[in-house]
1. Starting from the Cα of A:Glu383, step 7 Å along the direction of its Cβ; do the same at A:Arg187; then give the gap between the two resulting points in nm.
2. Given the pairs A:Lys226/A:Lys346; A:Lys138/A:Lys426; A:Lys226/A:Lys387; A:Lys160/A:Lys426; A:Lys138/A:Lys295, which are separated by over 22 angstrom at their Cα positions?
3. In deg cm²/dmol and to the nearest 500, what is the mean residue ellipticity at 222 nm of chain A if only DSSP H runs of at least 4 residues count, each as -39500 (n - 2.57), divided by the residue total?
4. With the radius of gyration and the Kirkwood radius both derived from the Cα set of the range A:5-107, what is their ratio Rg to Rh?
5. For a Förster distance of 35 Å, can you work out the FRET efficiency between the beta-carbons of A:Glu309 and A:Trp207, rounded to the nearest 0.05?
6. Based on DSSP H assignment, which helices of chain A show an axial Cα extent of at least 27 Å together with a mean Kyte-Doolittle hydropathy greater than or equal to 1.6?
7. Given the Cα-Cα distance of A:Asp260 and A:Glu90 and 0.36 nm per residue of separation, how much length would full extension add, in nm?
8. Applying 1/(1 + (r/R0)^6) with R0 = 51 Å to the Cβ-Cβ distance of A:Asp139 and A:Gln17, what FRET efficiency is obtained, to the nearest 0.05?
Amino acid sequence: MSIGLARLREEPERIRQGAIDKGEDPSIVDAALALETRRRELLGESDQLKAERNSASRQIGEAIRAGAAPTGPEVAALRKASTDAGTQIERIDAELAAAETQLEELMVRIPNPADPDVPVGDESANQVVRTWGEVLPKDVTANGVQWTRRPHWEVAADLKMFDLERGAKITGSGFPVYTGPGSRLQRSLIDMMLDIHTGEHGMTEIWPPAMVNAASARGTGQIPDKEDLMYIVTRDELYLVPTAEVPVTNLHRDEIFEADQLPIRYAAYSPCFRREAGAAGKDTRGILRVHQFDKVEMVFFEKPEASTEALEWLTSRAEVILQRLGLAYRVLLMATKDMGFVQAKKYDLEVWAPGVERWLEVSSCSNFRDYQARRMAIRYRPEPGAKPELVHTLNGSGLALARTVAAILETYQQEDGSLIVPEALKPYMKVDRVVR
RNA sequence: GGAGAGGUCGCCUAGUGGCCUAGGGCGCCGCACUGGAAAUGCGGUAUAGCGCAAGCUAUCGAGGGUUCAAAUCCCUCCCUCUCCGCCA
């Protein structure tokens, strides 16, 4: 469950409206509410009976210690009382377990209500909140010479930066092989991003496992919701991570922080594996949609009162990377029906790729409020000794590599077929230009 | 992969069927003592659910079983450590 039973009881209207805004069925909220009432009744009865049974058992021990015969009538009566309670407990607990299972099934289908400042509607209601950089044209006229920017796969083939055919041979389509300067570019981008996030933004670097267990996949909601998205190693019950969000957020599952430990801000590189089921035929050329790519992910654990501002900062940290790379981009505030089930507010960063003349999503920055934290039981003490409260979690790419690479190739390609290395990458690439 | 040892309240540890409703130490918090501190003494110190409250219920790695009653006995699984094997 993810929105919390207390909140369900306290503000069912807001939750019902939240479901409607996200295009989900609001009747689930009413069904859950009714089931929750029933659950509490059963729980009360069960607790009462358990108290009776415990009391009878305790009295048997006391009676025997006081000298009563273990087979005598006094003990027999107590034993019967305990057994009778036990029989009823069995019955009620079975009913209770059924109610809880049902309730949980309903609760996971209730979405996290969007923040009040999120536009209501489908993707047509998404708002462009800002753009940065020059949106380059495909056709270029410079110094009287006319040429046309090519799509990234042509630039890459020309400069031998990646090899999609051989990737398909050794693994399958959608598994690119980066070669020579292409491989070096991957390494440089990861290095540069981590350097900026740790050195300038004060985040702690994490290098997580690329596979997680079922409990972790459940924690961030990959199962059961998005099971089709993931590659699953059934023999060992492990899941290849679709994003570093999964291992990194789960780092603190079932933990309680002290207030002075927050915020905790991580930057993590990981490869990302996505089956992309149902996406066959879309973006089949180049590296815009692949099954394995690399990404630096930012994951924040914040005090509730700080999370609104933290999302703005998180988003701006992803923008810093695009700015350093000199890539034109825009920031979209996603509307309720386009933002996802668990997010309260989400910004997408789209980079301009002049070769394919498209905006490419390279980052998605979200505030989950306490929705994820509840599922994973990540809490903190507002004051020393105080009752633990849920933290707020946020995450955002900073950035996903494959599409960033595509934008770099298409933005920095030259008329002569070479590629200028963006200023910020030169110290990592060790060259100013990639040539044939 | 094999053999052995072990997983208890933040940490260490006691606990082999019923005053364990989990004891002790460390750490931490409060109070006392002090000019201030150390030392010392007293008290407090897990999480969740239910209840106006007193309190009740659950949790001793996880799950199941035996029993009137399980931290304790039985079964399955997970993890950690030591040794061996294999191996980047």
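1. Computed distance between label sites A:Glu383 and A:Arg187 equals 5.4 nm.
2. Numbers: A:Lys226/A:Lys346 19 Å; A:Lys138/A:Lys426 25 Å; A:Lys226/A:Lys387 33 Å; A:Lys160/A:Lys426 19 Å; A:Lys138/A:Lys295 27 Å.
Pairs exceeding the cut-off: A:Lys138/A:Lys426; A:Lys226/A:Lys387; A:Lys138/A:Lys295.
3. Working: 13 runs with 173 residues, N = 436.
Value at 222 nm, helices only: -12500 deg cm²/dmol.
4. Values: Rg = 21.0 Å, Rh = 16.4 Å.
Reported Rg/Rh, Kirkwood definition of Rh: 1.29.
5. Numbers: r = 28 Å, r/R0 = 0.80.
Given R0 = 35 Å and the Cβ-Cβ separation, E is 0.80.
6. Numbers: long enough: A:27-65 (57 Å, -0.59); A:73-107 (49 Å, -0.23); A:307-325 (28 Å, 0.03).
Long hydrophobic helices here: none detected.
7. Details: separation 170, 0.36 × 170 = 61.20 nm, distance 4.50 nm.
Net length gain for the segment: 56.7 nm.
8. Values: r = 48 Å, r/R0 = 0.94.
Calculated value: 0.60.
Quick note: the coordinates plus some simple rules give every number you see, no bench work behind them. Predicted model only: the values in this text are computed from it and were never measured. With ideal geometry, Cβ positions are generated from the backbone for all residues, glycine too; neighbour counts draw on all protein chains shown.
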